[in-house]
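Values quoted throughout were computed directly from the atomic coordinates according to the rules given, and no laboratory measurement underlies them. Keep in mind it's a predicted model, so treat the numbers as computed, not measured. Cβ placement follows ideal geometry from the backbone for every residue including glycine, while neighbour counts extend to all protein chains displayed.
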Amino acid sequence: MISLIVLCPMATGPSATEGQTAEAVVRTLSAFVGAAVRGLVREAILVGPPHMKLGYIADHAGSAFFEAKTEADGIAHALAASRAAHVLIVRAGYVPETGFAEAIEDLLRFGKAENQGWLMRGSARRPIEKILTHLVRPAALLAPRRLCLNVKAPDFASLVKATRARPASQIRLRAVI
């Protein structure tokens, strides 16, 4: 079982509105309902900035919610509250492609996620990204919770580094927003 942490964008700009962020969170959460029914996802935790007021979504989804001014503070609170041995941190606006739950179950079943993290990227949008996959924005990280708890300022990039995350090239997420 895993704890799902949905990471909302911390900074807003002209292209990011409260409605877009809320829709991204809802789409990401709803995409993991099947994984929760399968018993893969134990709980969902939302992390976002105070001005987005995403607590309403968390209440309706039965999720915990942490407001934080920085990504690192929000993730630190979410990691402390998570109960599963592994966490899956997903950026809001990404949904898993077909076979995602089975691939995660295989990583957990065969012990491949016990001592390191697995970095999942979004689908390639440009032709060059199909060749140079490291150019695609990271969308999610599956990692042992114990490795994440030792990071002092656990933003997404530092967790990838601290968990020595390897690319999970067979697992993709698709951007919906």
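Side notes on the structure shown:
- Gyration tensor verdict on the chain (Cα atoms; rounded if a/c is under 1.5, prolate if a/b is larger than b/c, oblate otherwise): rounded
- Ascending count of other beta-carbon atoms within 10 Å, so fewest first, for F66, F156, F110: F110, F156, F66
- Within segment 87-162, all pairs of alpha-carbon atoms sorted by distance into 10 Å bins from zero give the percentages 18, 45, 33, 4.
- Percent of alpha-carbon pairs separated by more than 13 Å within segment 133-173: 52
- P(r) for segment 64-128, from all Cα pairs and a bin width of 10 Å, is 15, 40, 35, 10, 0 %, short bins first.
- Top of L79, L132, L88 by mean-square fluctuation, Gaussian network on the chain, Cα under 10 Å: L132
- Candidates A124, A80, A58: whichever shows maximal mean-square fluctuation once the chain is modelled as a Gaussian network with Cα springs under 10 Å: A80
- GNM result for the chain, Cα springs below 10 Å: residue of I128, I89, I75 fluctuating most strongly: I128
- J(HN,Hα) series, segment 107-123, from Karplus relation 6.51 cos²θ - 1.76 cosθ + 1.60, nearest Hz, glycine and proline x: 4, 6, 5, 8, x, 6, 10, 7, 10, 7, x, 10, 9, 10, 10, x, 6
- Exposure proxy ranking, count of Cβ atoms within 10 Å, fewest first, for E102, E129: E102, E129
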